[in-house]
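Okay, structure first, notes after.
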Amino acid sequence: MTARTHDTAALAALTMWVLAAPPSAITVSTALAAILANQLGGIAPDIDQPTAPLWRNLPVGRYLGKVFGTLVGGHRFFSHSLLGVAVFSAMALLFLEFMQPVMPHIDIGFVWIAFIIGMFSHLVMDTLTKEGVPWLLPIPIKFGLPPVRKWRITTGKSVEHFIVLPVLAAFTIWLCASHYTTLTNLIQHHVTP
Ligand SMILES: [Zn+2]
C-alpha cells in the first residue's frame with residue numbers, strides 16, 4: 001500500500017482505539033504528538049525500501065535506504081513482522097523517555113500506544129495486498145487475506161487509489177464526525193502547570 005493509504009489507515013485505527021478504550025483526559029499537546037507518532041508508525045515499516053518518505057527526504061537517502069533495507073532483510077521482511085513492531089516500539093519508547101524532560105505536558109504512554117497502533121495498522125493493510133506479510137518471523141511465511149492471492153489488492157493500483165483509500169478516508173471522517181463531542185471532551189481544557 002502507498003504511504004497515503006497507510007497514514008489514513010493509521011488515523012482510522014487510532015480513532016477506533018480511542019473510542020473503544022477512551023483514555024483519561026489528555027492535553028492538546030499530547031493529542032497532537034499522538035497523531036504525529038501514529039502517522040510515523042503508520043509508515044515506519046516501509047523504511048525497509050529506498051523509496052520510503054524518510055529516505056527520499058535525506059540528501060543521500062536512497063543510498064542509506066538501500067543499506068538499511070539490506071540490513072533488515074529487504075522489503076516486507078523484518079519491519080513487517082510482530083518482531084519488527086516490538087523492536088521499533090521499544091526504540092520509540094526509549095526516544096520518548098529521552099524527550100520527556102523537554103515535553104513535560106505530553107503523556108508519553110499515550111503517544112507510544114498511538115505509534116504502535118500506527119505500525120500495527122500498516123501490517124494489517126499490507127496483509128490485504130498480493131505480497132502478504134511475514135507476521136510471525138523468524139517463521140518465514142507470508143500471510144495474506146483473502147487467502148487466495150489473486151483476490152488481494154495490488155499496491156499502488158486503481159483498487160487502492162479509487163476504493164480502499166476513499167473508503168478509509170470516508171470512514172475516518174464519519175467516525176470523527178459522529179463522535180465529535182466524545183473526542184473533543186477527551187481533550188483537557190485547562191493545562192495543569
Ligand atoms: Zn509496507
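The values are calculated or read from the model by the stated rules, or taken from the named source; none is laboratory data. Note that the structure is a prediction, hence the values are computed from the model and not measured. All Cβ positions, even for glycine, are placed from backbone atoms using ideal geometry, and neighbour counts span all protein chains on display.
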Restricting the search to region 147-163, which residues are surrounded by 12 or more Cβ atoms within 10 Å (Cβ to Cβ), outside any helix (DSSP H, G or I) and hydrophobic (A, V, I, L, M, F, W, C)? Ile153
Residues satisfying the stated conditions in region 134-145, i.e. within 16 Å of the ligand (Cβ to nearest atom) and touching a residue at least 24 places away in the same chain (Cβ under 8 Å): Pro134, Trp135, Leu137, Lys142
State whether one or more residues within region 56-65 are among the small types (Gly, Ala, Ser), at pLDDT 95 or above and more than 14 Å from the ligand (Cβ to nearest atom). no
Which of the residues belonging to region 24-50 are surrounded by 15 or more Cβ atoms within 10 Å (Cβ to Cβ) and either more than 15 Å from the chain's Cα centre (by Cα) or among the β-branched types (Val, Ile, Thr) (or both)? Ile26, Thr27, Ser29, Thr30, Ala31, Ile35, Ile43, Ile47, Gln49, Pro50
Collect the residues in region 101-157 that are of a type in the set (Phe, Trp, Tyr) and either closer than 19 Å to Gln39 by Cβ or within 14 Å of the chain's Cα centre (by Cα) (or both), keeping them in residue-number order. Phe110, Trp112, Phe115, Phe120
Could you tell me whether region 8-31 includes any residue that is out of contact with any Gly (no Cβ under 7 Å at 6 or more places or on another chain) and at positive phi? no
Could you tell me which residue of region 54-76 is nearest to the chain's Cα centre (by Cα), considering only residues that are aliphatic (A, V, I, L, M) and not in a helix (DSSP H, G or I)? Val72
Go through (1) part of a loop (DSSP other than H, G, I, E, B); (2) in contact with a Ser or Thr (Cβ under 7 Å, 6 or more places away or on another chain); (3) not charged (D, E, K, R) for Cys176 and report which single condition fails. (1)
Go through the residues of region 112-133 one by one and say whether even a single one is at negative phi, among the aromatic types (Phe, Trp, Tyr) and within 13 Å of the ligand (Cβ to nearest atom). yes
In region 34-53, what count of residues is obtained for those that are away from the ligand (no atom under 13 Å from the Cβ) and in a helix (DSSP H, G or I)? 7
